[in-house]
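Input: a single structure, listed below in structure tokens.
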Amino acid sequence: MTPRDVLMAVMLAGLLVPAAQAQAQDEDRGPLRFSPAAGVQASVEVQEDGMLAVLLQPAGKRQRLPGAPDAEGHSRLSAEDLDFDGRPELVARAAVGMVNEAVAVYRFDVGSGEFRALKAVTHGHDQCGDLMGLTADAATRTLTASCRSGPMWYTDVYRFNGPQLYLYRGESVLMLGDTLNRALHWEETENQGPLAVWRTYDPSGKVLESAIGDGLGAPASGAPLVGLMASVLPARLFLFDHPGASSTQRYLVQGDRVEMLDEQDGWVKLRYPNPKRGAVTGWINVND
């Protein structure tokens with residue numbers, strides 16, 4: 001299923017289907033029972049205040065954990081392997097508003113014998129602010145969070161670096177008005193959303209690559225980012241070395257085909273496949 005299919009499923013159903021092979025809570029909201037580690041059995045119930053009551057056997061240890069309650073204090077519980085180690089995590093889900101889904105994930109820590117909340121390092125680059133609408137892709141070992149704010153759907157893609165979950169890929173919607181349209185022309189499909197810069201990050205938050213593409217179509221995880229191709233519209237389009245540069249001798253001409261890569265403060269980074277010199281990169285000024 002593509003990221004767009006996932007988002008459409010949310011819009012139509014108001015919830016996401018838990019990850020494949022997940023153990024779900026009974027429909028009568030009885031306790032969820034599963035084994036989070038060898039020799040450990042967990043029994044979990046949602047309390048009236050929305051908290052999760054956990055009993056761990058054979059130690060007899062009890063925990064009260066924040067759930068992901070809806071307006072009525074309900075959560076849907078499941079046991080899903082979200083860190084791809086062969087053991088399930090405790091997951092609580094609940095509908096928030098019309099289409100969003102809040103998610104709380106707890107991993108079992110063998111050393112302490114307790115569940116601990118799964119938190120992600122994002123360096124402020126995430127859009128959803130939490131692990132909302134979470135789905136897992138075992139093939140690429142990624143977790144995808146999706147959320148809607150106003151008319152726009154956003155996607156955050158996460159990976160593990162050892163035990164730490166970090167933001168691996170995220171998007172930033174372009175807000176450039178008509179100035180970009182006067183400089184470049186690209187083909188738009190019927191289902192295409194607004195343009196966004198997609199960026200891939202390393203665990204420290206450093207940008208590894210970027211490309212401008214469909215804001216509603218998350219790029220395939222694990223594959224290099226590829227920007228939309230566009231044609232130059234004006235007779236000459238000056239190409240600068242960096243954002244804010246005041247002079248240049250380089251320019252593109254009408255009809256040149258370029259790949260859109262990045263945006264910074266109203267400057268757009270392009271890659272032009274020069275037939276004589278190879279790939280040439282630079283920035284165009286599309287500020288009003």
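Remarks
- Exclusive hit being surrounded by fewer than 18 Cβ atoms within 10 Å (Cβ to Cβ), free of Cβ contacts under 8 Å to residues at least 12 places away in the same chain and more than 13 Å from the chain's Cα centre (by Cα), set Asn161, Asn181, Asn191: Asn181
- Selection status of Gly205, modelled with pLDDT of 90 or more and either farther than 22 Å from Cys147 by Cα or aliphatic (A, V, I, L, M) (or both): no
- Among the residues of the stretch 69-112, the ones that are surrounded by fewer than 17 Cβ atoms within 10 Å (Cβ to Cβ), free of Cβ contacts under 8 Å to residues at least 40 places away in the same chain and within 25 Å of Arg141 (Cα to Cα) come to 4 in all.
- Only one entry in Thr142, Thr135 is β-branched (Val, Ile, Thr), touching a strand residue (DSSP E or B) at 6+ places or on another chain (Cβ under 6 Å) and under 22 Å from Met98 (Cα atoms), namely Thr135.
- Looking only at residues of the stretch 33-47 that are within 24 Å of Thr142 (Cα to Cα) and free of Cβ contacts under 8 Å to residues at least 60 places away in the same chain, we find that the one that is surrounded by the most Cβ atoms within 10 Å (Cβ to Cβ) is Phe34.
- From the options Leu237, Leu216, residue that is touching a helix residue (DSSP H, G or I) at 6+ places or on another chain (Cβ under 7 Å), assigned to a strand (DSSP E or B) and surrounded by 16 or more Cβ atoms within 10 Å (Cβ to Cβ): Leu237
- Subset of the stretch 48-68 (residues that are without any contact (Cβ under 8 Å) to a residue 24 or more places away in the chain and out of contact with any Lys or Arg (no Cβ under 8 Å at 6 or more places or on another chain)): Gln57, Pro58, Gly60, Arg62, Arg64
The values are calculated or read from the model by the stated rules, or taken from the named source; none is laboratory data. Source: prediction; values computed, not measured. Glycine gets a Cβ as well: all are built from the backbone with ideal geometry, and neighbour counts include every protein chain shown.
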